[in-house]
Amino acid sequence: MHVSEDVEAALLAHPAVARLDGVFASYLPGRHVVGVRVEERVEVAVVLRLGRPITEVVAELRAKVAQVAGPVPVDVVVSDLVDPEEES
Amino acid sequence: MAQTTAVKPENVPARLADDTAQGRTTIASSVVQKVAGIAAREISGVHALGGGVSRAFGALRERIPGAGTANTAGVAVEVGEKQAAIDLDIVVEYGAGIVDLARAVRRNVITAVERITGLEVIEVNIAVNDIHLPEDDEETESAQARVE
């Protein structure tokens, strides 16, 4: 499994993450992982659920990504918020 | 001679502190916009957002370095690296004290945006565009029945 897929799984496992956002992607054989780019830095773009302070959530996400991607800088883009009640 | 170092004010949000080592955090302006819009609508007495041309919008541009602009549905925001400025166009319910209402909206928006995004809100400009009357909902009745 490619690192980007591990990063994707780690992010989606967090309750405050609604989805990843497609401003960029990792292109793999057979699929691409939207919202994750792993190079010398890791970049992720997330859509969060409304409610908790973004800074707290981002710190947790950064820690989770570091567990799977190692000690590299993690750039987090919060590209949108969704209301948990409006999600279907 | 010692170098002059800038003293950090106590109340600056502790955001972006270790950004170079651990990575940057970018918060899209639509995120700030949504938070501000929701916070404004929470106050009772606010009938709707928007409704007028966002006239004050252009005046704020370029005030914050590196700012992006976004504007939908009566909420215009400018988001810099550490600060945000917000313009609101609101329609109030008839009967609400506009000065008090605006103060409440401003307070709620600042609290919500600072808590959720960690950005310092430098200003919230509120334009009251219209007053919503209870009769507006049932306008067919008021038009007739004056002369038979």
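The values are calculated or read from the model by the stated rules, or taken from the named source; none is laboratory data. Here the structure is a predicted model, which means the values were calculated and not measured. Here the Cβ positions follow ideal geometry from the backbone for every residue, glycine too, while neighbour counts run over all protein chains shown.
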Checklist line | Considering residues of the range A:46-67 that are facing chain B (nearest Cβ under 7 Å) and hydrophobic (A, V, I, L, M, F, W, C) only, the residue farthest from A:ALA10 (Cα to Cα) | finding: A:ILE54
Checklist line | Residue check, A:ARG37 within 14 Å of chain B (Cβ to nearest Cβ), basic (Lys, Arg) and in contact with a Phe, Trp or Tyr (Cβ under 9 Å, 6 or more places away or on another chain) | finding: yes
Margin query: Condition (residue is under 13 Å from B:GLY23 (Cβ atoms), among the basic types (Lys, Arg) and without any contact (Cβ under 8 Å) to a residue 60 or more places away in the chain) applied to the range A:24-35: is it met by at least one residue?
Written below: no
Checklist line | Entirely in chain A, the strands (runs of 3 or more DSSP E) that have 3 or more residues that are over 10 Å from the mean Cα position of the chain (by Cα) | finding: A:25-28, A:31-34, A:74-82
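Give the residue, chosen from B:GLU62, B:GLU81, that is at pLDDT below 90, surrounded by fewer than 13 Cβ atoms within 10 Å (Cβ to Cβ) and of a type outside the set (Ser, Thr, Tyr). Give the steps one after another, and end with the answer.
Details: B:GLU81 fails: surrounded by fewer than 13 Cβ atoms within 10 Å (Cβ to Cβ).
Being at pLDDT below 90, surrounded by fewer than 13 Cβ atoms within 10 Å (Cβ to Cβ) and of a type outside the set (Ser, Thr, Tyr) holds for just one of B:GLU62, B:GLU81, which is B:GLU62.
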Check: What number of residues in the range B:90-126 are out of contact with any helix residue (DSSP H, G or I) (no Cβ under 8 Å at 6 or more places or on another chain) and within 22 Å of A:ASP83 (Cα to Cα)?
Finding: 5
